[in-house]
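Contents: one structure, followed by commentary.
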Amino acid sequence: MSINIIPTIDLLYAGQVPLIPAYAPAPNGQMSDTRGRLLGDLRISVTDRCNFRCTYCMPKEVFGKGYQYLPQSELLSFDEITRMARLFVAHGVTKIRLTGGEPLLRKNLEVLVKMLAALKTPDDKPLDIALTTNATLLPKKVKALKAAGLNRITVSLDSLDEVTFRAMNDVNFPVADVLKGIDAAHGAGFSAIKINMVVKKGVNDQDVVAMARHFKGSGHIVRFIEFMDVGSSNGWRMKDVISSAEIVRMVNADMPLVQAQSNYSGEVAKRWNYADGSGEIGVISSVTQAFCSTCTRTRLSTDGKLYTCLFAQSGHDLRALMRSGKSDMQITRAIGLIWNQREDRYSQLRTEETTGRKKVEMSYIGG
Ligand code: SF4
């Protein structure tokens, strides 16, 4: 697929709705941003609701009883999501990740997976469709998701220690229910399931080695994630961050590790193999080793706004374009202009000052 260079055209907005200049050329290939990063991954949040209240993502103090979630009418329908995905796939997206909130709270998600699985890349290849979930609803849903064409599953699990885990999800959810979900996914044919653990100093860092040991030799891959200043609600402080280097040291001291090659350019996690060949772990270091230089990800919110960075402050309202009758070509032009003007590299620029900015919530656009 050829690389599409659109001459810089200032995109004007009515609120967050991009106004598409009629003279804007239509993208005709893969889209590159101002830093030469090719659009490759689309993360789609299918709900802003979750059955957990993880303190680093959806703290109860903010997302409590009276919190106003998006009404059903505001959510993109499965048809709208699939149309959007089709337009992104035509310009280079090969991976789609379904996120939330907790995506399995969206009814009949397998129907959407089936619609997305029917899409093909311009060179007629199937898409790589993945899901990030807290696994609590997997036992009920995983067979249908597999049959619908889901390829990969990532499960969030922040500790195996009952007290710590219940405190971190803040809804008293037991570890066993998440482990049951992982087993159900494995039983349904998903392998190399990724297990994401967000590590916060003084909260669950004491559980890092136990988590690694539990999944060592299982074929599943634990990825330790540095605590990030996502959104504006989790009270992030640099002193609560345990660096990936420290996490690797902790695991290596107990189970020797050797660094491994990335599977592909732009892979978020740095890979480490167990020296005895019994598997691997990953570390995701947005705070101490920023990886913005190869970031090919964009995010579509539950109500159809496009965010070009996890730490963005505002989005581009593509739903308004769809619901105001804009054609595929007009919407594609807008996507082309938005991506071509993308400069995001928040993690490279993070400072004490930036962490206090009002940023989009992760529970709304997904991780
Ligand atoms: S901070 Fe933004 S630009 Fe950097 S890797 Fe994350 S999403 Fe990409």
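The values are calculated or read from the model by the stated rules, or taken from the named source; none is laboratory data. All values reported here derive from a predicted model rather than from experimental measurement. Cβ atoms come from the backbone with ideal geometry, glycine included; neighbour counts cover every protein chain shown. We work out accessible area using only protein heavy atoms, side chains counted, and drop any ligands, DNA or RNA first. Shrake-Rupley method; radii C 1.70, N 1.55, O 1.52, S 1.80 Å.
In segment 264-283, the residues that are under 17 Å from residue 208 (Cα atoms) form Cβ pairs under 8 Å with partners that are open to solvent by less than 10 Å² (accessible area, probe 1.4 Å) and within 13 Å of the ligand (Cβ to nearest atom), at six or more places apart or across chains, as follows: 270/285; 282/269; 283/226; 283/269.
What are the residues in segment 302-316 that are β-branched (Val, Ile, Thr) and crowded, with 22+ Cβ neighbours inside 10 Å, if any? Full working, then the answer.
In the first step, residues of segment 302-316 are kept if they are β-branched (Val, Ile, Thr); the result is 302, 308.
Of everything in segment 302-316, just one residue is β-branched (Val, Ile, Thr) and crowded, with 22+ Cβ neighbours inside 10 Å, namely 302.
Taken together, the criteria place residue 135 among residues that are out of contact with any His (no Cβ under 9 Å at 6 or more places or on another chain), at positive phi and open to solvent by less than 10 Å² (accessible area, probe 1.4 Å). The residue list 319, 299, 350 contains one member that is open to solvent by less than 20 Å² (accessible area, probe 1.4 Å) and not hydrophobic (A, V, I, L, M, F, W, C), which is 299.
Yes/no matrix, rows are residues, columns are (1) over 30 Å from residue 345 (Cα atoms); (2) of a type in the set (A, V, I, L, M):
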{"site": "188", "(1), (2)": "yes, yes"}
{"site": "205", "(1), (2)": "no, no"}
{"site": "211", "(1), (2)": "yes, yes"}
{"site": "219", "(1), (2)": "yes, no"}
{"site": "227", "(1), (2)": "no, no"}
{"site": "243", "(1), (2)": "no, no"}
{"site": "255", "(1), (2)": "yes, yes"}
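One residue stands out among those in segment 269-296 that are more than 17 Å from residue 154 (Cα to Cα), within 11 Å of the ligand (Cβ to nearest atom) and of a type in the set (A, V, I, L, M, F, W, C): the one that is surrounded by the most Cβ atoms within 10 Å (Cβ to Cβ), which is 295.
Taking segment 266-298 as the range and being under 17 Å from the mean Cα position of the chain (by Cα) and farther than 14 Å from residue 223 by Cβ as the test, the residues that pass are 266, 287, 290, 292, 294, 295, 296, 297, 298. Restricting attention to segment 229-241, the residues that are on the phi > 0 side of the Ramachandran plot and under 20 Å from the mean Cα position of the chain (by Cα) add up to 1.
Residue-by-condition table, conditions (1) part of a loop (DSSP other than H, G, I, E, B); (2) at pLDDT 95 or above; (3) within 21 Å of residue 315 (Cβ to Cβ):
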| residue | (1), (2), (3) |
| --- | --- |
| 10 | yes, no, yes |
| 22 | yes, no, no |
| 27 | yes, no, yes |
| 48 | yes, yes, yes |
| 51 | yes, yes, no |
| 68 | yes, no, yes |
| 97 | no, yes, yes |
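Would you be able to say whether some residue in segment 253-263 is aliphatic (A, V, I, L, M), part of a loop (DSSP other than H, G, I, E, B) and away from the ligand (no atom under 12 Å from the Cβ)? Yes, segment 253-263 contains a residue that is aliphatic (A, V, I, L, M), part of a loop (DSSP other than H, G, I, E, B) and away from the ligand (no atom under 12 Å from the Cβ).
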